[in-house]
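The values are calculated or read from the model by the stated rules, or taken from the named source; none is laboratory data. Everything numeric in this text was worked out from a predicted model, so none of it was measured. Every residue, glycine among them, receives a Cβ derived from its backbone with ideal geometry; neighbour counts consider all protein chains shown. All accessible areas refer to the heavy atoms of the entire protein, side chains included, with ligands and DNA or RNA removed. Shrake-Rupley method; radii C 1.70, N 1.55, O 1.52, S 1.80 Å.
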Amino acid sequence: MKRNHIYKTVLGLAIAALTLTACSDEWDDHYNSLTTGQHDGSLWDAIQADPNLSNFASVVRACGYDKSLGSSQIFTVFAPTNSCLSAEQAQELINAYNAEKGKVNDDDNTTVKEFLQNHMTLYNHSVSSLSNDTIVLMNGKYAFLTPDAIDGNRFLTANQHYGNGVLYTLDNQVKFFSNLFEYMRKDNDLDSVRSFFYNGMFYRKEFIAEESVPGGIVDGKTVYLDSVFIQQNDLFGYNFLDARINSEDSTYLMIVPTNKEWKKMVDEYSDYFVYDNNVPDRDSLAYTNTRMAIMKGTVFSRTFNSDAALQDSALSTNCTMNYNYRRSMWGADSLHYYEYYKPFTPNGALAGAIPIECSNGTMLKSDNWKIDKEQTFHQLRIIEAEQMRSLKEVSTVKNSAGDDEPTVAAIIRQVPNLFPDAPDSLQNNPFYNVVSNNRFVEFEPQRTTVNPWVTFNITDVLANIGYDIYLITAPAVAYDWNATNIQKLPTLLRCTLSHHDIDGNVVENELCDRKETVADGVNALLLAENVKFPVATFGLQEEEPQVTLKLETRVTSAQLRNNTYTRTMRIDCILLKPHEEKPMSND
């Protein structure tokens with residue numbers, strides 16, 4: 001048994017040796033380069049010693065990259081020679097570097113990102129007659145390596161190996177191709193958009209420990225030989241754009257407003273995001289939400305938006321295609337926020353914008369913004385009565401023990417598709433899919449001597465913009481085909497809206513008194529038109545929501561005894577609908 005094991009081991013090693021020999025021959029053939037060389041010293045030693053690279057060397061030194069290229073870290077450098085980088089051009093790059101130094105992140109410095117890092121990559125990269133590779137440059141750009149060129153720029157020398165990497169020389173500079181995020185910095189018409197996206201509140205450098213190379217422990221802390229950082233921008237995340245517009249691995253279409261359009265919208269939208277003085281970070285919230293109201297819904301992944309698909313509709317990264325998610329997020333699966341029908345027709349959301357090709361898609365620069373706020377952030381608010389977070393409180397009285405006892409019971413009623421036990425003519429429920437979510441809450445009085453009341457929370461409202469407020473009620477027959485005449489009775493309601501003023505004081509407005517519901521139908525009761533809140537609650541995580549609606553029955557004891565009205569309330573939902581100004585009549 002032991003001898004057999006040894007035989008298998010020796011045989012395996014022999015086969016492995018033959019395989020390695022064959023692979024080695026193929027490997028050597030693959031790296032049979034145009035010119036090869038193994039040299040002493042570092043890349044920086046080689047660059048500064050070559051008179052044909054003196055202009056490139058001056059830029060490297062001015063930007064502090066001489067230290068990196070002289071270290072033990074491994075690089076491949078594609079160095080433009082003086083024939084394609086003059087002394088004047090080098091000085092212009094140095095001047096641009098110094099002008100931005102200390103004002104932007106080091107990796108965002110134009111000279112570093114668009115020139116130096118555009119001619120460098122980490123690790124060794126050699127070429128051969130078989131080369132047909134894509135590499136990642138230090139600025140994240142992809143470059144195509146062939147036997148004699150990088151992105152079509154021919155090598156003068158190639159595969160010159162030094163102690164810390166490989167050096168190539170070029171007869172032309174490697175062109176920098178901006179992605180969507182980078183292009184914002186280049187176009188003077190987009191200064192306002194750039195200022196928002198490059199704001200230090202959202203944009204920062206983050207150290208990635210797991211991708212960095214540790215070099216030991218000094219004073220109890222790890223020291224890294226090779227530190228890897230990435231630029232992180234919160235505005236690319238799920239709660240904002242949900243699109244990494246700085247990624248070279250994705251392809252997008254993005255529409256952005258020019259400075260003129262940006263200013264016009266900020267001036268208007270700022271009034272919608274005024275928060276009361278007691279809200280923490282109110283100024284920061286107002287700044288961010290105003291500008292995200294402009295930009296959310298402006299990026300379109302080309303995965304879901306082919307040229308053919310865009311002729312019908314544009315689905316932004318903020319849209320919700322799943323019907324269940326729509327219902328969860330917005331209260332109804334029929335709502336299509338952040339989606340734009342016929343976007344390139346004359347009045348379409350993307351019409352008239354100027355296309356600019358970028359490395360990861362197309363930017364559409366718009367001087368005539370056509371995305372309507374009611375397609376994005378000024379949304380229909382649906383407060384479903386049956387959701388736990390919607391109900392704030394119900395009326396109570398003191399019992400004999402001195403404890404608070406509810407005067408009303410909240411019962412969730414389900415609206416079925418069919419009533420199997422009903423006569424054939426009544427089995428199909430006409431209220432199925434008419435009642436929102438096919439559920440409502442029946443508030444059944446527990447005391448006959450008082451008019452009960454309930455209060456609902458209303459969240460995420462905008463300031464200084466009109467809402468029409470509706471109360472949607474449901475009938476007893478929506479869940480019980482055999483409801484009695486008393487169950488079918490209407491009720492009378494008093495509705496009171498509460499909200500905060502700018503100083504956080506509670507303001508109450510009675511919207512209606514003795515508003516009558518409908519006995520046998522789903523009823524949309526218009527409580528008030530064009531209601532404008534002085535402060536917003538949009539985006540707030542409220543333990544105690546500022547805006548509430550109190551519903552109280554207003555039925556007298558005589559009306560109750562005479563079976564004219566009931567004190568039972570059946571509430572489907574509350575709607576805050578964006579107010580539409582009616583056209584002026586010519587009469």
Quiz item: What's the number of the condition ILE255 fails, among (1) part of a helix (DSSP H, G or I); (2) within 26 Å of PRO343 (Cβ to Cβ); (3) at pLDDT 95 or above?
Solution: (1)
Quiz item: What do you reckon, is ALA314 under 18 Å from LYS373 (Cβ atoms) and touching a Leu at 6+ places or on another chain (Cβ under 7 Å)?
Solution: yes
Quiz item: Does region 141-162 contain at least one residue that is open to solvent by 30 Å² or more (accessible area, probe 1.4 Å), in contact with a Leu (Cβ under 7 Å, 6 or more places away or on another chain), at pLDDT 90 or above and aromatic (Phe, Trp, Tyr)?
Solution: yes
Quiz item: Based on what the data block shows, is ALA519 of a type in the set (A, V, I, L, M, F, W, C), more than 43 Å from the chain's Cα centre (by Cα) and closer than 30 Å to LEU335 by Cα?
Solution: yes
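One line per residue, one yes/no per condition, for (1) in contact (Cβ under 8 Å) with a residue 24 or more places away in the chain; (2) not in a helix (DSSP H, G or I):
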residue	(1), (2)
SER72	yes, yes
THR76	yes, yes
SER83	yes, yes
TYR97	yes, no
GLY102	no, yes
THR111	yes, no
LEU116	yes, no
SER126	yes, yes
SER129	yes, yes
Exercise. Quick one: in region 486-496, of everything that is open to solvent by 40 Å² or more (accessible area, probe 1.4 Å) and not aliphatic (A, V, I, L, M), which residue is nearest to ALA536 (Cα to Cα)?
Key: ARG494
Quiz item: Is it the case that some residue within region 382-389 is touching a Gly at 6+ places or on another chain (Cβ under 8 Å), open to solvent by 30 Å² or more (accessible area, probe 1.4 Å), in a strand (DSSP E or B) and more than 23 Å from THR251 (Cα to Cα)?
Solution: no
Quiz item: Listed residues ALA483, ALA478, ALA474, ALA422; which is surrounded by 20 or more Cβ atoms within 10 Å (Cβ to Cβ), over 38 Å from the mean Cα position of the chain (by Cα) and farther than 18 Å from ARG381 by Cβ?
Solution: ALA478
Practice problem: Please enumerate the residues belonging to region 438-468 that are in contact with an Asp or Glu (Cβ under 8 Å, 6 or more places away or on another chain), farther than 23 Å from VAL408 by Cα and not in a loop (DSSP other than H, G, I, E, B). | Solution: ALA463, ASP468
Quiz item: Yes or no: GLU92 assigned to a helix (DSSP H, G or I), on the phi < 0 side of the Ramachandran plot and buried (at least 18 other Cβ atoms within 10 Å of the Cβ)?
Solution: no
Quiz item: Somewhere in region 459-471, is a residue surrounded by 15 or more Cβ atoms within 10 Å (Cβ to Cβ) and farther than 28 Å from GLY539 by Cβ?
Solution: no
Quiz item: If the Cβ limit is 9 Å and pairs must be 6+ apart or interchain, which residue in region 517-539 that is on the phi > 0 side of the Ramachandran plot and free of Cβ contacts under 8 Å to residues at least 12 places away in the same chain pairs with which residue that is surrounded by fewer than 16 Cβ atoms within 10 Å (Cβ to Cβ) and not aliphatic (A, V, I, L, M)?
Solution: none
Self-check item: All positions within region 230-256 that are open to solvent by 10 Å² or more (accessible area, probe 1.4 Å) and touching a Cys at 6+ places or on another chain (Cβ under 9 Å)
Solution: TYR252
Quiz item: If LEU525 passes every condition in (1) under 29 Å from the mean Cα position of the chain (by Cα); (2) of a type outside the set (Val, Ile, Thr); (3) outside any loop (DSSP other than H, G, I, E, B) but one, which one does it miss?
Solution: (1)
Self-check item: Among the candidates SER227, SER192, residue that is modelled with pLDDT of 95 or more, over 20 Å from GLY361 (Cα atoms), within 31 Å of the chain's Cα centre (by Cα) and not β-branched (Val, Ile, Thr)
Solution: SER192
Quiz item: How many residues does region 294-323 contain that are open to solvent by 10 Å² or more (accessible area, probe 1.4 Å) and among the small types (Gly, Ala, Ser)?
Solution: 5
Quiz item: Going through region 390-416 one residue at a time, which ones are out of contact with any Asp or Glu (no Cβ under 7 Å at 6 or more places or on another chain) and loosely packed, with under 12 Cβ neighbours inside 10 Å?
Solution: SER400, ALA401, GLY402, ASP403, ASP404
Quiz item: Any idea which residue in region 499-541 is most open to solvent (accessible area, probe 1.4 Å), counting only those that are of a type in the set (D, E, K, R) and farther than 21 Å from TRP453 by Cβ?
Solution: LYS532
Practice problem: Give the residue, chosen from ASN109, ASN118, ASN98, ASN105, that is more than 24 Å from ASN52 (Cβ to Cβ) and open to solvent by less than 40 Å² (accessible area, probe 1.4 Å). | Solution: ASN109
Quiz item: Do we find that THR548 is in a strand (DSSP E or B) and either of a type outside the set (S, T, N, Q) or surrounded by fewer than 20 Cβ atoms within 10 Å (Cβ to Cβ) (or both) in this structure?
Solution: yes
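Kindly provide the set of residues from region 345-381 that are under 25 Å from VAL531 (Cα atoms) and outside any loop (DSSP other than H, G, I, E, B), ordered by number. Quick ask: steps written out before the conclusion?
Filtering region 345-381 for residues under 25 Å from VAL531 (Cα atoms) gives 371-381.
Answer for region 345-381, where residues must be under 25 Å from VAL531 (Cα atoms) and outside any loop (DSSP other than H, G, I, E, B): LYS373, GLU374, GLN375, ARG381.
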